[in-house]
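Participant: Let me begin by handing over the structure; questions about it come next.
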Amino acid sequence: MTDVVDDADAPARSRAKPMAPDERRAMIAAEAVPLFLEHGSALTTRQLAEHLGIAEGTIFRAFGDKESLVRAAVHAFFDQARERMDDGLVDPQLPLDEKVRRLVRGTQLWMQRVFRMLSLLPRDEIPQYFARDRDGEFRSVVAAIFAPDADRLNIPPERMSAVMRIAGIAANGARAGDGVGLTEDELVDFILYGIAGAARGEE
């Protein structure tokens, strides 16, 4: 005879606490970022729902339409970048050339992702993302990275963020209609030595 388990003696099944609407929207937007980076505007709400393991209707109840989801994902993308800045981009104690290389590489990737995410928005909404207060944070973080090298630089560390932004654009020159961007090595050498200089000790 088969033993029968009394449900009253079985441990109660715990259910996850339902998310508040704001928390649910924030979670969905954050999880959507890597998918938008991969698929661009071709990403469907069905794909996102399958990725999250939720019903597609949950997404529409949270945002109303895909356009609102896109805007929330773009905001989440820039918020994630702010968190990365808070964690520190590069160790200030690294050698100068290694700091430049790591920042060039990181800025190149960052600009690729920025172009990708902003391409999801209507053109008239894009300018606001180039004038946000987080620009000041980037300047401060990059200045701190180069502060130990201040006596070796031809410009103040506070100006190095502008150099890195230019490097990011130059590396993505193809997107700006230039045909081909500069390579990582070309950018590192240009930042360190200019177009006619030489490495220290090689003059």
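Coordinate-derived values only; no laboratory data. It should be emphasised that the depicted structure is a prediction, and the values quoted were computed from it without experimental measurement. Note that we place each Cβ from the backbone using ideal geometry, even for glycine, and neighbour counts take in every protein chain shown.
Participant: Filter segment 23-82 down to the residues that are hydroxyl-bearing (Ser, Thr, Tyr) and either part of a helix (DSSP H, G or I) or touching a strand residue (DSSP E or B) at 6+ places or on another chain (Cβ under 9 Å) (or both) and list them by number. Give the derivation first.
Facilitator: Step one: list which residues in segment 23-82 are hydroxyl-bearing (Ser, Thr, Tyr), which gives 41, 44-45, 58, 68.
Selection gives Ser41, Thr45, Thr58, Ser68.
Participant: Moving on to the next point. Give all pairs with beta carbons closer than 6 Å in which a residue from segment 87-108 that is within 11 Å of Ala167 (Cβ to Cβ) meets a residue that is in a loop (DSSP other than H, G, I, E, B) and not aromatic (Phe, Trp, Tyr); count only pairs at least 6 apart in sequence or on separate chains.
Facilitator: The qualifying pairs are Leu103/Val90.
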